[in-house]
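Data block below; observations after.
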Amino acid sequence: MMKPGLPEVFFIKDMLIGEKVVKTQRNLGALKSVFADQEAFDSMDQEQLAYEVYSYLPVEEGTDGGLFFGITCMYPIKVGGEYLMTKGHFHANRDTAEFYWGIEGEGMLLLMDEEGKCRLEKVFPGSLHYIGGCLAHRMINTCNRVFSFGACWPSDAGHDYGSIEREGFSVRVYEEDGHPVVKKVIDIE
Ligand code: S6P
Ligand code: ZN
């Protein structure tokens with residue numbers, strides 16, 4: 001009789017478990033030039049953990065038709081009043097989409113097209129976000145605890161961090177009186 005095999009990977013809430021899970025950690029120091037207030041950034045502990053990504057990459061990067069899966073946990077850090085953000089990226093292969101979904105805590109998904117037009121979506125446990133092709137995406141932890149979210153993207157998407165490092169996003173989110181406030185940094189249109 002055929003016996004069912006065990007899955008290679010499983011998740012409990014925001015933990016991805018399995019031998020093939022790869023864990024990547026980004027310290028605050030890896031987020032140089034992400035925040036507006038460089039002086040505040042420089043005065044902070046560069047070694048502190050900003051966010052970690054658990055990824056399950058069942059096929060080789062670049063494979064056509066495959067899928068990758070990840071969970072990101074972001075810590076409640078603020079830099080000069082600005083909430084912690086992921087580096088943010090376009091996909092190198094622009095015509096590839098991605099799903100994000102909220103698992104724990106609250107945050108915002110910042111999306112930007114190639115003309116610099118931005119849009120924000122609230123992220124919370126159970127929210128699902130379709131990120132179409134040609135859109136840069138960045139997550140922002142707007143709560144005072146861990147914010148975690150899931151992601152699923154094509155294995156041939158690749159990552160273009162350079163465009164964001166050079167140009168940035170045209171919107172920033174600050175905490176003012178305990179609430180998120182959205183500010184435009186570049187006027188588009
Ligand atoms: C990959 C996907 C996520 C991010 C992760 C960290 O396409 O969007 O797994 O890699 O959330 O963000 P970033 O911008 O530092 O890669
Ligand atoms: Zn992506």
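The values are calculated or read from the model by the stated rules, or taken from the named source; none is laboratory data. All figures in this text were calculated on a predicted structure; none of them were measured in a lab. Note that each Cβ is placed from the backbone with ideal geometry, even for glycine, and that neighbours are counted across all protein chains shown. Just so you know, the surface numbers come from the protein's heavy atoms only, side chains and all, with ligands and any DNA or RNA stripped out. Shrake-Rupley method; radii C 1.70, N 1.55, O 1.52, S 1.80 Å.
At-a-glance table
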| read-out | value |
| --- | --- |
| Flag for L109 being part of a strand (DSSP E or B) and within 12 Å of ligand 1 (Cβ to nearest atom) | yes |
| Single match in I103, I131 (criterion: buried (at least 17 other Cβ atoms within 10 Å of the Cβ) and over 26 Å from E176 (Cα atoms)) | I131 |
| Which listed residue is farther than 30 Å from D95 by Cβ and not basic (K, R), from E19, E8 | E19 |
| Listing of strands (runs of 3 or more DSSP E) fully contained in region 116-172 that carry 2 or more residues being in contact (Cβ under 8 Å) with a residue 60 or more places away in the chain and within 11 Å of ligand 1 (Cβ to nearest atom) | 147-154 |
| R94 touching a residue at least 12 places away in the same chain (Cβ under 8 Å) and in a loop (DSSP other than H, G, I, E, B) | yes |
| Region 37-51: number of residues that are under 19 Å from the mean Cα position of the chain (by Cα) and buried (at least 16 other Cβ atoms within 10 Å of the Cβ) | 2 |
| Of all residues making up region 66-84, the number that are under 20 Å from C134 (Cβ atoms) and either more than 13 Å from ligand 1 (Cβ to nearest atom) or of a type in the set (A, V, I, L, M) (or both) | 1 |
| Condition met for F68 (open to solvent by less than 40 Å² (accessible area, probe 1.4 Å), touching a Leu at 6+ places or on another chain (Cβ under 6 Å), more than 25 Å from R145 (Cβ to Cβ) and at pLDDT 95 or above) | yes |
| Unmet criterion (only one of (1) within 14 Å of ligand 2 (Cβ to nearest atom); (2) open to solvent by 50 Å² or more (accessible area, probe 1.4 Å)) for E98 | (2) |
